[in-house]
1. Find, among the GluC sites (Glu not before Pro) in the range A:273-370, those assigned to loop by DSSP (not H, G, I, E, B) with at most 13 other beta-carbon atoms within 10 angstrom.
2. In the range A:215-309, what percentage of the DSSP-assigned beta bridges are antiparallel, given to the nearest 5?
3. Please pull out the direction-averaged projected area of the range A:277-436, using the convex hull of its alpha-carbon atoms, in nm² to one decimal place.
4. In percent, what relative contact order does chain A have, based on Cα pairs under 8 Å that are 6 or more apart in sequence?
5. On a 30 Å Cα-Cα criterion, which of the cross-link pairs A:665/A:756; A:175/A:604; A:604/A:756; A:615/A:665; B:59/B:94; A:172/A:615 come out too long?
6. Take every Cα-Cα distance within the range A:152-345, group them into 5 Å bins from 0 onward, and report for each bin the whole-number percent of pairs it holds.
7. Label point 7 Å out from residue A:587 along Cα-to-Cβ: which residues of the range A:611-650 have amide N under 18 Å?
8. Calculate the FRET efficiency for residue A:824 and residue A:889 from the Cβ-Cβ distance with a Förster distance of 35 Å, rounded to the nearest 0.05.
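Bear in mind that the values in this text are calculations on the coordinates, not laboratory data. Since this is a predicted model, take the numbers as computed values, not measurements. Quick reminder, even Gly has a Cβ in these numbers, built from the backbone with ideal geometry, and neighbours come from all protein chains shown.
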Amino acid sequence: MSDGREGKRPRLFRMPTSRGRLRGDIDRELHFHIEGRIEELIASGLTREQAEREVAQRFGDMAAVRDQLEEIDTRTHRRHELGEWRGALARDFGQALRGILLRPAFAAVVVLTLGLGIGATTAIYALLDAVVLRPLPYPNAARLVYIEHPVPGVETNAKWRMSQAGYFFFRKNSKALEDIALYNKSEASLVTSDEAERVRAAAVSGNFFEVVGARPLLGRSFTDADNLPNAPQVAMLGYSFWRQRFNGDPRVVGTRVSLGSVPVTIVGVAPEKLDLPDYQAQVWIPLELDPNAPAVNSHYLDAIGRLRPGVMVAAAQADAARLTSRLPEEFPGAYTPGFMRESRFGVLVSPLRDRVIGAMSHTLWILLGAVAIVMLIAFANVANLFLVRAEARRRETDIRLALGADRLHLAGHYIAESMLLSLIGGVLAVGLAYGAIRFLLVLNPSSVPRLPEVSLGWQAGVVALVLSLGAGTVLGLLPLTRLALGGDRVSTLREGGRTQTASRGQLSARSALVVAQMALAVMLLAAAGLMVRSFQRLRSVQPGFDASGVLTFEVSLPYSRYAPNVRGPAAYLPVFRFHRDLEQQLAALPGVTSVGMTQALAMKDGDGCALVFVKGRDYTRETAPCVGTVIAGPGYFSTLGIAVRGRVPTWADVDDQTGAVVVSKALAQRMWPGEDPIGKELRPNGTGAPWYHVVGVTGDVLTRSLDQPPSEIVYYPMVPIQGAPLWSPPTHMTVAIRTRAPDPLSLAPAARRLVKALDREVPVANVQTMETIVEQSTARTTFAMLLLAVAGGMALVLSAVGIYGVISYTVAQRRPEIGVRMALGAQAAQVGRMVVAQSLRVATAGIAIGLLGAFATTRVLQSLLFGVSPTDPVTLGGVTVLLVMLGALAAYAPARRATKVDPVEVLRRE
Amino acid sequence: MAEDLDLLRGTLDLLILKTLSWGPMHGLAVLRWIEQVTEQRLQITEGALYPALHRMEQKGWLGADWGYSNRNREAKFYKLTAAGRRQLTAELSKWSRYTEAVNLLIAAEGAR
């Protein structure tokens, strides 16, 4: 290309900036050639005209040659430019690298601070991306909606699922939905030759796969016919379960296994990554759905609808509302006008994804905001460092400029350095984010939906890259603000850099950064503080039971053997005997003080809702209140430590069907305000004898979660009273064991052995302590609190570093002034106070702005708070005190240094 | 006028490189040199020469510099770069291997 010698580059490449230039060069070259030829020919005796004709003829198509040359030269030029640009880049980065290696401490602080800030943001973004932003893993995800029935008349936020009758009615008549599929999360025991294993089962309608847009990997999926009662028993295997349990053997299709004591044929294998929304199914089974069954007001089915193409959710909502209002005329027996009115039975159609993510979306956005604030604070620190650096290099820059350095080139030099540091910080950030995500997956917070889908995807990588590039650009441009402004370089040079007082502009820019930092820290710490207070409040709530020292697990009795097809009390005998035997044998284990069982464990299962009729009140089916209805064994109250006034039913009560029930205090107060509930009579579902009679009243019990009011519950016995067999035998129960052992889980193996000895086909599932269950009910608060506390802590440390840095720097800058002051008689204490006062001024300004910001923004936390107002004065006051102390502390060391200034030495140096 | 020899494909590069190995020249000089040395037997058109020069410049075999001809006119001078020199060596050896092979074939035909 060129001979490479600097200064004598070929002219073609030094100047050509445009196509016109290239064309001009070509023209000149060809012109020279043609002229030379013509002269040659004239010399040999031709006339000029003849010579011109001869040359043109020889040359051929001149325009074509010219175009060809231009094309070649353009390409040459482009390649050359790229080469130059690459060279400059390599030079700048090489210099930057050397600069970094010369100042490793500076580089390390910058990289670490940026890495921490960007890493935290990247991690939370990855979480938000996987949980909230990414569509659900269904091909038709965008068109899937969830359908449910809000019943504000029953309970403020209660929503019921779909009923079987409603399903058939909606599916047939909906204009906005193409189709509706149903599902239920359930569990079943898969029995093989050696052991009974409890598996997570997805019970679905025959069209589920088609509605979500999935095809079976092997075999077939279900059809509507599989849902009919008395259809042959079939099942599909979930992908991972098939791989693990059956080694991915395709021959498993067509074989038979025992599922819930019933032989079923495996007809297919589900595709990879197909699950129910937020539920990893191991086995898929058809729901039993009977289109000819009489309509029953029983809402137990999750419903997914698929919108017709182009139909909006709002249109589907209107359509569903129209159908819902027709329910009373279609099914007069199940949906009476009174019921519709009292329960305020409605319908809600929402995007399926919103439904799956629920409130976590809000929490994650708040957390992203929090880590973004941490990142800004971290960035402010780094910006401050760069400003100090720029100040120190002011002379170097000025000399370079005075010697004629190109401003653009200088800018490239600075940006290369900051870019390199930021990119290294970005790499560190990705590493930190990866670690944070792994840690989170290990913690496995139950409050985060779709957790198995969380990973550090390329989207998070892009976020980290963009943030580092942005940081690099801004940091590189910071020292250039001076260049752009021009400034009088000569005067700086003339000063000889002796009185290196930072320009007023620089110092105020640095103070402004620290004020902003403090303000952001105040907001973040206020948020963290509010969460901590909420958490404390939640933890100090008396749930009405004692969760410590209690082990719980579930047992499921095979329906076919334990719920025989007979009527009357005999139908309950097998279940009754099993549970009584189990309770007695568990109670005999060493260390066990009490054993109880229930169909709906507090804090874990919903209490359900059934109408209750009270003797002496003229409730009708329309006016009777709907209250929590829980079947509980005799030992339940003492095991959970629920205080009961009166007496607790015994096994004899159950056996003799005396109809003794316990009610919760909240229910008693509503039904019989000011009266003693003991001895009152009530019954579910229907008026007139036989009545159950209340023998005991519990204290206030919280069964939904710690931030909900006490529950209204009737605790019914396992066997209904004679003449009113209203519920099926309770084959699925949760057993609770109170033990003196320090770790309740240590009882689990013995409990498993006992259950297996009683019936080897009965699986034990969901073994966990009651404390874990209670913790899960506050999991969202705990999760938000922990992450906000971590963010707040980081903000605190980073701001401390920031304010310390600025005060420390000012003291160093003001050494001459301090020296003069001391020479004029100022006391060390006065000087110290001056420094601390300066720090406090900065801190106070930051705190004031931060408090205003906190007042304006903490409202977004409202839904996460419990028992604390978003502007809780204790929290805000605490944060203020904390940061004032921080301001004073950060000034301590610089103040001490200021008092040690030796006036003589300083004055001599001046 | 001597009989024109059709220029063998690919030999133009070799001719230009060899010509420029004597020193920097502008396009017209290259053309004249080839014509003179080959006693007008090889006729190269401008339509072939200039694209070849520019292409070789792009490949980095030739460097180009604006200078003045002995009649004091502005002209673009080409010269060999180090890469061009290497290329010339390679082309020469390729050419001699090629002509050897062709000569062998011709000699063999004569012996029949």
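1. Values: sites: A:288, A:329, A:330, A:342; in loops: A:288.
Loop-located and lightly packed - none at all.
2. Details: 9 of 13 bridges.
The antiparallel proportion sits near 70 percent.
3. Working: hull surface 74.8 nm².
Over all viewing directions, the range A:277-436 projects a mean Cα-hull area of 18.7 nm².
4. Working: 1529 pairs, mean separation 131.0, N = 910.
Normalised by residue count, the contact order of chain A is 14 percent.
5. On the way: A:665/A:756 38 Å; A:175/A:604 38 Å; A:604/A:756 24 Å; A:615/A:665 18 Å; B:59/B:94 19 Å; A:172/A:615 42 Å.
Exceeds cut-off: A:665/A:756; A:175/A:604; A:172/A:615.
6. Over the range A:152-345, the share of Cα pairs per 5 Å bin runs 1, 7, 14, 18, 17, 14, 11, 8, 6, 3, 1, 0 percent.
7. So the set is A:632-644, A:647-650.
8. On the way: r = 29 Å, r/R0 = 0.84.
Computed FRET efficiency for residue A:824 and residue A:889 comes out at 0.75.
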